[in-house]
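One structure is given here, and the rest of the page talks about it.
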Amino acid sequence: MTGTLLGLLLLGTTLSGCLYPGEQKQTAVNYRESVKRIQAAVDDYQQEEGLLPILNADEDTPKYEKFRIDLDKLNKKGYLDELPATAFEKGGSAYFLILDEETNPVVKVMDLVTFQKVNDVQRQINRYKSAHGGNLPAAEELYPGLYTIDTDKAGTGSITLTSVYSGQPLEFIMDKDGVVYVDYIFDIMTVVNKNENGQDMSKDLRLLLEHSSYFVPVKSLPYLWLNSQPVPQPQS
């Protein structure tokens, strides 16, 4: 493992920069009850209505943003007595999604703080790219085809990200086209180290996060196990 990657895994929990709306309370919110209530409502709705209560999404919408649950429909049809305080529709900082929609629909949480911060970094990258003839504010090639961001050039130094899984700071990375993602290597390695046996390391390693938490790894790339570590795979 490179020195940079090792450094990422050893970072502490102290963060600088501004606090986004909902970020502080999110760490204290237990999503267990919200997920349980919505899962029961989704199961009942599917059994009685014959379909899932999801909002329309484009074909190209990423997996961890795609099948958003229509909470208002569940509420108005009596499957959900009230919307959870954790939901965006109620002023919270989460969307609720359905994964494995065709086989075993399961309710998961999409963190909107993470989503918004990536979008904020993306805007800065786009501005830099536009003003510099298509060049990117890249610091170093962290993985093949993926780069860390020179925060001074991009003007993103105040945007920091705390993991919903571990509470550790995470890095923003971008591909050769300047598309921004979150690097979840620390969180994936944490799950791997906790469960060294019985894990299928041949598939997309984001499944480990998906199965070990209520949260989905939003704004992420697929990870493969290469050279004894998770390596994100650029899509372009």
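The values are calculated or read from the model by the stated rules, or taken from the named source; none is laboratory data. Source: prediction; values computed, not measured. Cβ sites come from the backbone with ideal geometry, for glycine too, and all protein chains shown count toward neighbours.
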| So which of ARG32, ARG68 is modelled with pLDDT under 95 and basic (Lys, Arg)? | ARG32
| message | Pairs please, first residue from region 48-69 and of a type in the set (Lys, Arg), second anywhere and in a loop (DSSP other than H, G, I, E, B), Cβ atoms under 6 Å, 6+ apart in sequence or on different chains. | response | LYS66/ALA57; ARG68/LEU55
| field | The listed residue being modelled with pLDDT under 95, among the β-branched types (Val, Ile, Thr) and not in a helix (DSSP H, G or I), out of THR148, THR103, THR156 | value | THR103
| Out of ILE173, ILE185, which single residue is free of Cβ contacts under 8 Å to residues at least 60 places away in the same chain and of a type in the set (A, V, I, L, M)? | ILE173
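Inside region 86-124, can you point out the residues that are of a type outside the set (A, V, I, L, M) and under 20 Å from PRO169 (Cβ atoms)?
Across region 86-124, the qualifying residues are SER93, ASP111, THR114, PHE115, GLN116, LYS117, ASN119, ASP120, GLN122, GLN124.
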| How many residues, within region 179-201, are surrounded by fewer than 20 Cβ atoms within 10 Å (Cβ to Cβ), part of a loop (DSSP other than H, G, I, E, B) and not polar (S, T, N, Q)? | 5
